[in-house]
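Notes for the one structure printed next.
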Amino acid sequence: EAVSADTSESYAALFFNVDTREVLYAKNIYDRLYPASTTKLMTALLALEHGNLDSPVTVSQEAITFHENGVSTARLKAGDSLTVRQLLYALLLPSANDAADAGAAIAVHMAGSTEAFAEKMNETAHALGATDTHFVNPHGLSDENHYTTAYDLYLIFQAAMKYDDFMEILQTPEYEASYQAAGGPAVSAVWKSTNQFTAGNTAVPEGVSAVGGKTGTT
């Protein structure tokens, strides 16, 4: 059954029944848009598909040089040592702007550079059928050649949801990480989810499942 929704403040929106594969609501779902923080879905997917989540990562200088004015980051420093799993928490719980360092650290660890990682992002996106997507970085900071569509994001998200680790991280309201600081003792960081369902700030509508919802539904 078709649904109505207030999307006056959004340019694009998609409401999809994943069981029947029926589109219940669609608005500009094939228009190219800047993905911003949603870029982290593809970064996480590649880490889950090809990475060892328990592998240690030493944050490189390249991974902390993608800051824009006014952007708050995960405050990682070159030389810090974390696992891929910890970096995924830093990437997925805060907004991608907050986790720009984490996304870049994953990219450099897995591919040697953010540019090489972006190539893998594009290869994977196109293999999923997300052919109106093009990435140039792993964190979503602004670039005119970095774009996707609402429909393509759905395809990427569906692929990531197949991983239990992805679902567990998304449904974590708050995560405390202890890692080795550059040239110093172990430090602790707390990353809080900005997902409004996970944080408990927004209730899941009746008859709808939302990743990170209070009920833990997917």
By residue number, the members of the range 124-178 that are part of a loop (DSSP other than H, G, I, E, B) and either aliphatic (A, V, I, L, M) or touching a Pro at 6+ places or on another chain (Cβ under 6 Å) (or both) are 128, 130, 136, 140, 141, 161
When the residues of the range 8-61 are filtered to those that are open to solvent by 70 Å² or more (accessible area, probe 1.4 Å) and among the basic types (Lys, Arg), which remaining residue is farthest from the chain's Cα centre (by Cα)? 21
Here the qualifying pairs (Cβ atoms under 7 Å; residues six or more apart or on different chains; first in the range 122-139 and in contact (Cβ under 8 Å) with a residue 24 or more places away in the chain and under 23 Å from residue 102 (Cβ atoms); second of a type in the set (D, E, K, R) and in a loop (DSSP other than H, G, I, E, B)) come out as 137/143
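Is it true that residue 175 is surrounded by fewer than 21 Cβ atoms within 10 Å (Cβ to Cβ) and within 15 Å of residue 38 (Cα to Cα)?
Details: surrounded by fewer than 21 Cβ atoms within 10 Å (Cβ to Cβ): yes; within 15 Å of residue 38 (Cα to Cα): no.
Considered against the rule, which asks whether it is surrounded by fewer than 21 Cβ atoms within 10 Å (Cβ to Cβ) and within 15 Å of residue 38 (Cα to Cα), residue 175 comes out as no.
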Does residue 102 satisfy the condition of being under 16 Å from the mean Cα position of the chain (by Cα) and either open to solvent by less than 10 Å² (accessible area, probe 1.4 Å) or modelled with pLDDT under 95 (or both)? yes
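The values are calculated or read from the model by the stated rules, or taken from the named source; none is laboratory data. All values reported here derive from a predicted model rather than from experimental measurement. As a convention, Cβ positions derive from the backbone with ideal geometry for all residues, glycine included, and neighbour counts pool all protein chains shown. Remember, those area values only see protein heavy atoms, side chains included, never the ligands or the DNA or RNA. Shrake-Rupley method; radii C 1.70, N 1.55, O 1.52, S 1.80 Å.
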